[in-house]
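Read through the structure below, which is laid out as structure tokens, and then see the notes.
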Amino acid sequence: MNIRNRYAKVCLFLWVLGMCLTAHSLKAQSVIPVPLKMEQGTGSFLLSEKTKLYTNLQGGEAQLLENCLQALPVHLKKGKKKDTQNVLSLLITEKSGQLPTPESYTLSVTPERIQIQATSGAGLFYGIQTLLQLSVSSGAGVITVSAVEVQDTPRFAYRGLMLDVSRHFFTKEFVKKQIDALAFYKINRLHLHLTDAAGWRIEIKKYPLLTEFAAWRTDANWKKWWNGDRKYVRFDEPGASGGYYTQDDIREIVEYARQHFITVIPEIEMPAHSEEVLAAYPQLSCAGEPYKNADFCVGNEETFTFLENVLTEVLELFPSEYIHIGGDEAGMAAWKTCPKCQKRMKDEHLSHVDELQSYLIHRIEKFLNARGRRLLGWDEILKGGLAPNATVMSWRGEEGGIAAVTSGHRAVMTPGSHCYLDSYQDAPYSQPEAIGGYLPLKKVYAYNPVAASLSAEQAKLVYGAQVNLFTEYVPTPEHVEYMLYPRTLALAEVAWSAPERKSWPDFHARALKAVSDLQAKGYHPFDLKNEIGSRPESTCPVTHLALGKKVTYNAPYNSSYAAKGDVTLTDGIRGDWTYGDGAWQGFISKNRLDVTIDMEADVSVHSIIATFMQVVGAEVFLPASVTISISDDGTNFTELKHQTFEVTKEVPIKFTDISWEGNAQGRYVRYQAQAGKEFGGWIFTDEIIVK
């Protein structure tokens, strides 16, 4: 072989070696969530049929971890304590600075051995998940793991996902499949939304109508049912659609989750979102008739007998510390006139119906506490006074969670702005219909569960964070996975990783790889590589004649969607794909927008334009009419355009520019938009552009 050929072969070998080392190096940095410390070593460990497995764990927990390693395509032999070469060791050790919590672990990979240490089986389990993410199949029954030193510990004890199985029912097999994915990314709480108006999903032996009747409805699709008759039927009637988990199903799910170090938290809604219960047992409502009320009658003692009997069976099935009791969106209207509720208020010296809800929450908490459990509820449980030991799940922004921790209670942060996965995750026109909103992966990843206003001591009461998937618009298992992944992975890193370890560009690269991995395992995630991203208009300010000019509101904007207040419509900032992003301003008073812009001097105007959105699921509609006018004195206006539009629900989400073009002269520009009489609802716009 001549020197030139030999040189070429050596160069080729070095290039291939370099590519392999680079691939392994990148793989070592592809862990989700990113560990606290991670240092690349030299060389790699070859894991094969000859590798021995040793653990100082005993009994069932040791078997659990051995089962986890069956995900590797090689079968490991039993090892001994004295083995130091070609061994994978799982070691329980004492608590230390490197291992401060039961879920902390260290992982050491050298060419000779792999060693995972923790103070509990949970820590070893999470070390194994990191090892699995670092493993690269080299073919021929060999797994390559790059040399690395990892020290890792979670930021929060509670890292959760809520799955709504009421609006659309999903089988126990599907739930177990999601447990596999959640555990792989170190999520440790699965909150099941088991009851709601759309269907009761858990067998309660004392109340058979809950599963014979309240678990079944007249249409499989929630949207069609909700907009239709909203009736329930017996399970054996033609066309009955629904389902429920038997108590054996629940035991199977809970045990499967336990084997993956996940706690399943049941949610039994009260006092609201209970139409299905009250249709089956109407005596528990204020009206005493089915299809009249959504809230339990708090004045009726039988209500508490029912709830305590249900919870007694629930407690037997779920060993979780927390039982979620809902507590959100109670209408309370019937309580104001119900004789039983009014008597309860008088007897208990309650001055407002909010306190009536608080009475129920306090009483249920005492029942749970007496049985060694704790109450968890949505932030409305703060109304009328928070129960002494309750934990708040803050969804209407962060205010509820902040109020809870500042008063000495735990909080789980799950604000709709960053944690509600039923929102669109990409440009709405490119996605399946959703209830509304826009929550891309980047925004979930940007969330920090600890508000800047909290002190260090208060911050310790932030128990963790959770993403939620309500399934009104998510009817199939494939659609659930599409909405869950990869955004749940972003929450996993938010809740596990130290803030200083987070990097959006780095996470995005790792998420792209995770999506491919999930697809290979049979999941149906959103294909991140094809993401369109933000509404183009929102990415840069717009310059126009009315920029910075004073706006007079002839009809007020709504305080809940004030955006930046009086400067919003002339600040040059355009909105993104959602009305809740702080750039869109909302109007619902008399269903109209009516503003006048003072241009400060007579100007020649050739174009006036505003953009409106329609999000049917959120009752946001395009205007039915628009009037654009101009004036010299701000009193007498000349109409430049008046146009009416047909408003329909056929297009779930839409963005429309409504403009005038021509030649006009004046100082004051007036823009009016009126909602239609049929649907009413909200009007949203982001900027009135004058050129």
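Read-outs throughout are calculated quantities, based only on the coordinates presented, and are distinct from any laboratory measurement. Since the structure is predicted, the reported quantities are computational estimates derived from the model, not experimental observations. All Cβ positions, glycine included, derive from the backbone under ideal geometry; neighbour counts span all protein chains shown.
A few points about this structure:
- Descending principal axes extents, the stretch 536-690, alpha-carbon based, whole Å: 42, 31, 26
- One Cα centroid belongs to the stretch 393-470, the other to the stretch 518-565; the line between them spans 18 Å.
- Of the GluC sites (Glu not before Pro) found in the stretch 148-257, not one falls in a DSSP loop while having at most 14 other beta-carbon atoms within 10 Å.
- The chain, relative contact order [Cα under 8 Å, separation at least 6], %: 9
- Student exercise, the chain dipole from Lys, Arg, Asp, Glu Cβ charges, in Debye to nearest 20: 2420
- Ordered from longest to shortest, the equivalent ellipsoid semi-axes for the stretch 184-234 are 25, 18, 7 Å, each the square root of 5 times a Cα gyration tensor eigenvalue.
- Taken over the C-alpha atoms, the stretch 163-294 has Rg and Dmax values of 15.4, 48 angstrom.
- Degrees separating the helix 172-184 axis from the principal Cα axis of the chain, which is the longest one: 70
- Under 14 Å from a label point set 7 Å out along the Cα-to-Cβ vector of Trp504, the amide N atoms of the stretch 441-455 belong to 441-448.
- Overall, the stretch 578-691 carries a charge dipole of about 280 debye about its Cα centre when +1 sits on the Cβ of Lys and Arg and -1 on the Cβ of Asp and Glu, all other atoms neutral.
- Entry note, the chain: the mean residue ellipticity at 222 nm calculated from DSSP H runs of n ≥ 4, each adding -39500 (n - 2.57), is -8000 deg cm²/dmol after division by the residues and rounding to the nearest 500.
- Loop-located trypsin sites (Lys or Arg not before Pro) in the stretch 500-573 (DSSP state not H, G, I, E or B) with no more than 15 neighbouring Cβ atoms inside 10 Å: Lys521, Lys550, Lys564.
- Counting charges near Gly408 (Lys, Arg +1; Asp, Glu -1) among other residues having Cβ under 13 Å from its Cβ returns a value of +1.
- Bridges between two residues of the chain, per DSSP, are antiparallel at a rate of about 60%.
- Relative to the longest principal axis of the Cα atoms of the chain, the long axis of helix 59-68 makes an angle of roughly 70 degrees.
- Count Lys and Arg as plus one, Asp and Glu as minus one, and take only other residues whose Cβ is under 15 Å from that of His75; the net charge is then +2.
- Neighbour cut-off at most 15 other Cβ (10 Å), DSSP loop, GluC sites (Glu not before Pro), the stretch 594-691: Glu619, Glu646, Glu650, Glu678
- Debye intensity ratio I(q)/I(0), log10, the chain, q values 0.06, 0.09, 0.11 Å⁻¹ (C-alpha model): -0.43, -0.89, -1.19
- Computed E for Thr246/Ala601 - FRET, C-beta separation, R0 51 angstrom, nearest 0.05: 0.10
- Computed lengthening from Glu329 to Thr101, 0.36 nm per intervening residue step minus Cα-Cα distance: 78.4 nm
- Under 13 Å, Cβ to Cβ, from Lys176 - net charge with Lys/Arg +1 and Asp/Glu -1: -1
- Note on the stretch 494-615: Kirkwood radius taken over Cα pairs, Stokes-Einstein applied at 10 °C and 1.306 mPa s, translational D equal to 88 µm² s⁻¹.
- 3J(HN,Hα) along the stretch 463-478, derived from phi through the Karplus expression 6.51 cos²θ - 1.76 cosθ + 1.60 where θ = phi - 60°, amounts to 6, x, 9, 8, 9, 10, 10, 7, 10, 3, 10, 10, x, 10, x, 5 Hz, with x in place of Gly and Pro.
- Cα point-scatterer Debye curve for the stretch 32-107, base-10 log of I(q)/I(0) at q = 0.14, 0.16, 0.25, 0.28 Å⁻¹: -0.58, -0.76, -1.35, -1.33
- In degrees, nearest ten, helix 504-520 long axis to first principal axis of the chain (Cα): 70
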